[in-house]
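Enquirer: Before I ask anything, here is the structure I am working with.
The values are calculated or read from the model by the stated rules, or taken from the named source; none is laboratory data. Just so it is clear, the structure is predicted and the values come from calculations on it, not from any experiment. Because the Cβ atoms are built from the backbone with ideal geometry, glycine has one as well, and the counts that use them run over all protein chains shown. Side chains included, ligands, DNA and RNA excluded: accessible areas come from the protein's heavy atoms. Shrake-Rupley method; radii C 1.70, N 1.55, O 1.52, S 1.80 Å.
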Amino acid sequence: QVQLVESGGGLVQAGGSLRLSCAASGRTFSSYAMGWFRQAPGKARDFAAAITLSDGSTYYADSVRGRFTISRDNAKKTVYLQMNSLKPEDTALYYCAASSRPYLSRNMVDYDYWGQGTQVTVSS
């Protein structure tokens with residue numbers, strides 16, 4: 001089992017920045033990659049970004065590329081999502097997820113473990 005705990009969400013004005021953190025514990029050696037997803041009210045959960053834990057390769061959704069940066073600190077077992085130039089449409093519950101698949105994926109079904117989420121609200 002892998003436990004994931006997100007933090008760092010909050011309320012920010014449009015154009016502002018936030019950094020989300022995802023701390024992992026448990027059988028983390030079984031994870032190959034970590035991802036961030038988000039779910040706005042009344043909408044499906046969408047992929048935002050993913051990173052491999054070995055070499056730090058990254059993958060971004062078009063909607064966040066150039067504004068968000070995913071990174072990891074393996075010693076701390078923590079993955080980060082730096083979010084800049086935030087827009088009201090970035091408002092969502094942000095989830096961290098862990099995958100044991102040997103490839104980066106934007107598909108929820110490829111992720112085995114999920115956190116409880118942290119709320120990000122961007123005001124206009």
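Enquirer: Please determine whether any residue of region 6-26 is part of a loop (DSSP other than H, G, I, E, B), modelled with pLDDT under 95 and not hydrophobic (A, V, I, L, M, F, W, C).
Expert: No, because not a single residue in region 6-26 is part of a loop (DSSP other than H, G, I, E, B), modelled with pLDDT under 95 and not hydrophobic (A, V, I, L, M, F, W, C).
Enquirer: Now, a different point. Looking only at residues that are buried (at least 19 other Cβ atoms within 10 Å of the Cβ) and of a type outside the set (A, V, I, L, M, F, W, C) in region 10-52, which one is nearest to ARG106 (Cα to Cα)?
Expert: GLY35
Enquirer: If I ask for residues that are closer than 19 Å to GLY10 by Cβ and of a type in the set (Lys, Arg), which ones from region 69-124 would you list?
Expert: Residue satisfying the conditions is LYS87 alone.
Enquirer: State all residues of region 64-82 that are open to solvent by less than 70 Å² (accessible area, probe 1.4 Å) and under 13 Å from CYS22 (Cβ atoms); if no residue qualifies, say none.
Expert: Across region 64-82, the qualifying residues are ILE70, SER71, ASP73, THR78, VAL79, TYR80, LEU81, GLN82.
Enquirer: Are there any pairs with C-beta distances below 7 angstrom linking a residue in region 1-19 that is farther than 19 Å from ALA49 by Cβ to a residue that is at pLDDT below 95 and charged (D, E, K, R), with the two at least 6 apart or on different chains, and if so which?
Expert: GLN1/ARG27
Enquirer: When only residues in region 96-117 that are open to solvent by 20 Å² or more (accessible area, probe 1.4 Å) and among the hydroxyl-bearing types (Ser, Thr, Tyr) count, which is nearest to the chain's Cα centre (by Cα)?
Expert: TYR113
Enquirer: Also: Pairs, please: C-beta under 8 Å, at least 6 apart or cross-chain, first residue over 27 Å from ARG65 (Cβ atoms) and in region 24-38, second modelled with pLDDT under 90?
Expert: Filtered contacts from region 24-38: GLY26/GLN1; ARG27/GLN1.
Enquirer: Next up: How many residues are in contact with a Gly (Cβ under 7 Å, 6 or more places away or on another chain) and not in a loop (DSSP other than H, G, I, E, B) when one looks only at region 50-100?
Expert: The number of residues fulfilling the criteria is 8.
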